[in-house]
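The values are calculated or read from the model by the stated rules, or taken from the named source; none is laboratory data. This structure is a prediction, so every number in the text was calculated from the model and none was measured. Neighbour counts are summed over all protein chains in view; Cβ atoms, including those assigned to glycine, are modelled from backbone coordinates with ideal geometry.
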Amino acid sequence: MFTIKPRVQGVTPELVDLFQKVGTSTIGHLTDFGFLKGLQPLFRPIHFVGNAVTIRIPHMDSTVVHKALDIVEPGDVLVIDMSGDVERSCFGGMVSYAAHAKKVAGVIVSGCINDVEEIKEINLPVFSLGVSPLTTRILGIEGEINTTVSVCGVSINPGDLVVADNDGVFVMNPESAAKYGEIAIEKQLREPETKRKIDSGISLASISKADRFFNPDYSKS
């Protein structure tokens, strides 16, 4: 059985613009939630921000991956839940070419990919768990588009904000994303001043206030 729900536009142009300037590791200072731990980029440098279009497939049948390419719009991020299959690839050269033609911002696969040279040639940003020559097939068994999926233990809804860069990927509900983005930008803007203080001889522990946890005479004990 196939479940195909309408595309959800949860991410605004303002959010995309804001998070183009936010590093994933900066968000990592603010929350533990939403990080897709274990995924690796096919290449670096890599960076994309976009609106999630979610896909769930049974281990061997990638029929809905092809169908989702009729639904995506420019700037979307394909998020593919392979239902725990980490041995097969559901995303190769031809699917990548079609995704690139639709101007997707990036691709997230909770499994493997293949045809890596073809993907690199078109410079399509992809995160996955690895590479495999063993592929899925078009079998028409079942699948879902734009339902809640799970990737690396994180629940992802259609329309969620996806941000990816050299350090990794995080996903966030767009309704709460702006406040995190604004705090992250403020934090990043303070970094040059912090470096100037370090260059002037002030210790990092003093700047970060880490030294408040230590007895002044700890070095003598």
- Item | Tally of residues being crowded, with 19+ Cβ neighbours inside 10 Å and either under 22 Å from L189 (Cα atoms) or not assigned by TED's automatic domain parsing to the domain that holds L129 (or both) across segment 24-45 | 3
- Query: List, please: which pairs have Cβ atoms under 9 Å, are six or more places apart or on different chains, and start with a residue in segment 63-74 that is within 16 Å of I108 (Cα to Cα) and end with one that is surrounded by fewer than 22 Cβ atoms within 10 Å (Cβ to Cβ) and of a type in the set (S, T, Y)?
  - Reply: V64/T3
- Flag for D211 being of a type in the set (D, E) and under 30 Å from R7 (Cβ atoms): no
- Message: Residues to consider are V77, V104; find the one that is assigned by TED's automatic domain parsing to the domain that holds P13, modelled with pLDDT of 95 or more, part of a loop (DSSP other than H, G, I, E, B) and under 19 Å from G50 (Cβ atoms).
- Response: V104
- Item | M94, sole failed condition from (1) part of a strand (DSSP E or B); (2) closer than 22 Å to E118 by Cα; (3) not small (G, A, S) | (1)
- Task: Take the residues in segment 31-46 that are touching a Phe, Trp or Tyr at 6+ places or on another chain (Cβ under 9 Å) and among the aromatic types (F, W, Y), then tell me which one is farthest from G106 (Cα to Cα).
- Result: F33
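Residue under question is S200, and the condition is that it be among the polar types (S, T, N, Q), surrounded by 12 or more Cβ atoms within 10 Å (Cβ to Cβ), without any contact (Cβ under 8 Å) to a residue 12 or more places away in the chain and not assigned by TED's automatic domain parsing to the domain that holds M60; does it hold?
no
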